[in-house]
Each structure stands twice: as C-alpha cells, then as structure tokens.
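Participant: Got a structure for you, questions after.
The values are calculated or read from the model by the stated rules, or taken from the named source; none is laboratory data. Computed from a predicted model, the values in this text were never measured in an experiment. Here the Cβ positions follow ideal geometry from the backbone for every residue, glycine too, while neighbour counts run over all protein chains shown. Accessible surface areas use protein heavy atoms only, side chains included; no ligands, DNA or RNA. Shrake-Rupley method; radii C 1.70, N 1.55, O 1.52, S 1.80 Å.
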Amino acid sequence: DELMRQIRLGSRAASAAYYDAIFADSPKYQQSGLDSDYAPVWRRVVDALRELGAQSVLDLGCGPGQFAEFFAANGGDGKYAGVDFSGVAVARARQRCPQFVFEKRELPLVDLAALPAFDSVVCTEVLEHVERDREILAALPEGTRIVASVPNFDAMGHLRVFRSEAEVRERYGTLVDGLQVEGIALSANNTLWLLTGRRSAQALAAEA
C-alpha cells in the first residue's frame, strides 16, 4: 500500500501511516533502546551533546523513544523532549519514558514557542527521509547546538544518500557553524555520518 501511494504521488517520502504500522509491528522498535543496533551511534550522540555543553535537548524525529531511553540510562545531562509525526511513535515513547515530554509534530517545525525550551537538537536518521530537510535545520534559532546523522546507504523512505563526508558538508555546511563530520560504521558497508556544530546565522537560500 505504501509503495503504491509513493508511486501515485511521485515521491519516495514515507507517510505517517506507514511509520505508524512499522512502529506498531516491527520487533526492532519493541526492543529496549539499550539493545538497539544504533546504540554505538547513540553513545557518540550523548558524548557529543556533552562536549557541546547541551543543557536542554529537543529530539527531532524521536521515533518510539528508544534514543530517549538510551539517553536517560547513559548519563544524558539536562532536559529532553521529543517530537515525531507518527502518533504511534509518540504514544510508545510516552510509555517508554514517561519522565520526558513527547509531542506529535510535523517537520520542519513552524511553532517553536509551543515546545519546551531547548538549546540543542538531536536529529538522527531523519534528514534523509524529509524532502525539506534543510528547512528543518534552518528553522532552528541561531546558535542552537546540533547533533544529527545521515546514512551512506539506501533504504525504504530514504530520499537521499550521502556517499562521502564532502556530500554531507555540501548540503548542510552553510547552515551549521563549525560543522564536524564523523563516520560511524554500522557494518562493513553501512556508515552513518555524524554531524555536530551550531546553527549558523545564515538564512536558507531558495532551493532550486
């Protein structure tokens, strides 16, 4: 059904209904965040937040709260809130980590005032799924600490793949001051590029 919807619309962007079904039924989203295949990446994310001096974190595309669970169990400092466009994900996240705030929101965010205050964002395995990915970062206040990741491999719902560090810098470099890019291997062939830095003062140029 999802593939037919994408063909009909001419877009590979997966729908909230698709993610509702995946988060509800896929065993990998039922497991503890401490046991996730992404735990090595999340360890580096928590370390990067600490290195950047993060005090209050907003997780953009938080999924069913597995990173939040990992964050809480591994010394994540400061406050945390998460947003996701999947209602199932938000409900599961609230069950998994009732001490945190989770809201159903579309990205890019247009009303930051209605969310808990934050000085840092986490955005892992999200930007490659969103057509207006650069707008997600552009919507953040200047100086916001950013820790994000994007893949070098294709998968369901991926709209873009980053084969090299240079491709990551080309797409996001103007929006992130002091951009650092680090490759983290998930397997022999699959790598996540971890981006860290701060939202620059530069406005988003009109997309071609």
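Participant: Can you name the number of the only condition in (1) under 28 Å from residue 26 (Cβ atoms); (2) without any contact (Cβ under 8 Å) to a residue 12 or more places away in the chain that residue 162 fails?
Facilitator: (2)
Participant: Would you tally the residues in segment 12-60 being modelled with pLDDT of 90 or more and touching a His at 6+ places or on another chain (Cβ under 9 Å)?
Facilitator: 0
Participant: Looking at 87, 63, 75, 82 in this structure, which one is within 21 Å of residue 136 (Cα to Cα) and open to solvent by 20 Å² or more (accessible area, probe 1.4 Å)? Walk me through it before giving the result.
Facilitator: Numbers: 63 fails: open to solvent by 20 Å² or more (accessible area, probe 1.4 Å); 75 fails: within 21 Å of residue 136 (Cα to Cα); 82 fails: open to solvent by 20 Å² or more (accessible area, probe 1.4 Å).
Just one listed residue meets the conditions, 87.
Participant: I'm trying to understand the selection: among the residues of segment 129-140, which are more than 25 Å from residue 33 (Cα to Cα) and either assigned to a loop (DSSP other than H, G, I, E, B) or open to solvent by 40 Å² or more (accessible area, probe 1.4 Å) (or both)?
Facilitator: Residues satisfying the conditions are 131, 132, 135, 139, 140.
Participant: Can you tell me which residues in segment 104-122 are out of contact with any helix residue (DSSP H, G or I) (no Cβ under 7 Å at 6 or more places or on another chain) and crowded, with 17+ Cβ neighbours inside 10 Å?
Facilitator: Our first condition is that a residue be out of contact with any helix residue (DSSP H, G or I) (no Cβ under 7 Å at 6 or more places or on another chain); within segment 104-122, this holds for 105-106, 109-119, 121.
Listed by number, the residues that qualify are 105, 109, 118, 119, 121.
Participant: For a quick check of your reading of the model, give me the residue pairs whose first member lies in segment 168-193 and is more than 13 Å from residue 148 (Cα to Cα), whose second is surrounded by fewer than 14 Cβ atoms within 10 Å (Cβ to Cβ), with beta-carbon atoms closer than 7 Å and at least 6 apart or on different chains.
Facilitator: 174/202; 186/37; 191/183; 191/185
Participant: Please enumerate the residues belonging to segment 34-68 that are over 15 Å from the mean Cα position of the chain (by Cα) and not polar (S, T, N, Q).
Facilitator: Within segment 34-68, the first condition is being over 15 Å from the mean Cα position of the chain (by Cα), and the residues that meet it are 34-37, 40, 47, 50-56.
34, 35, 37, 40, 47, 50, 51, 52, 53, 54, listed by residue number.
Participant: Find the residue count for segment 90-100, including only residues that are surrounded by fewer than 17 Cβ atoms within 10 Å (Cβ to Cβ) and over 21 Å from residue 26 (Cβ atoms). Let's see the steps before the verdict.
Facilitator: In the first step, residues of segment 90-100 are kept if they are surrounded by fewer than 17 Cβ atoms within 10 Å (Cβ to Cβ); the result is 95, 98-99.
Going one step further and asking which of them are over 21 Å from residue 26 (Cβ atoms), we end up with 98-99.
Here the count works out to 2.
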